[in-house]
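All remarks here apply to the structure that follows.
The values are calculated or read from the model by the stated rules, or taken from the named source; none is laboratory data. Since we're looking at a predicted model, the values are computed, not measured. Glycine gets a Cβ as well: all are built from the backbone with ideal geometry, and neighbour counts include every protein chain shown. Surface accessibility is based on the protein's heavy atoms, side chains included, excluding ligands, DNA and RNA. Shrake-Rupley method; radii C 1.70, N 1.55, O 1.52, S 1.80 Å.
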Amino acid sequence: MDSSQTARFYDLVNKSLAVADLPNVAKLIGTPVRELRSLPRRIQENVCGAYAMEYDADSTNTDLIDTIREMIAP
């Protein structure tokens, strides 16, 4: 097995995981996912991080929705 690309592999996986919840975020805030994908990468990661930490399936998530909308506002 060639392990010379292991660091690059981990980097690619981590970058993908950092924005994996983008479709869920789009659904939560009622915004097309393509619109969220057009945002700078750092904002996408921050939005997904907030979603991952604060989303509660048993809640209306009103505060989270407001927070995310503030994060993506121009």
Tally of residues being in contact with a helix residue (DSSP H, G or I) (Cβ under 8 Å, 6 or more places away or on another chain), farther than 13 Å from Arg69 by Cα and open to solvent by 70 Å² or more (accessible area, probe 1.4 Å) across the range 25-40: 1
Could you check how many residues of the range 45-72 are at negative phi and open to solvent by less than 20 Å² (accessible area, probe 1.4 Å)? 5
Might you let me know whether the range 15-23 holds any residue that is surrounded by 15 or more Cβ atoms within 10 Å (Cβ to Cβ) and among the small types (Gly, Ala, Ser)? yes
Can you find even one residue in the range 19-34 that is among the small types (Gly, Ala, Ser) and modelled with pLDDT under 90? no
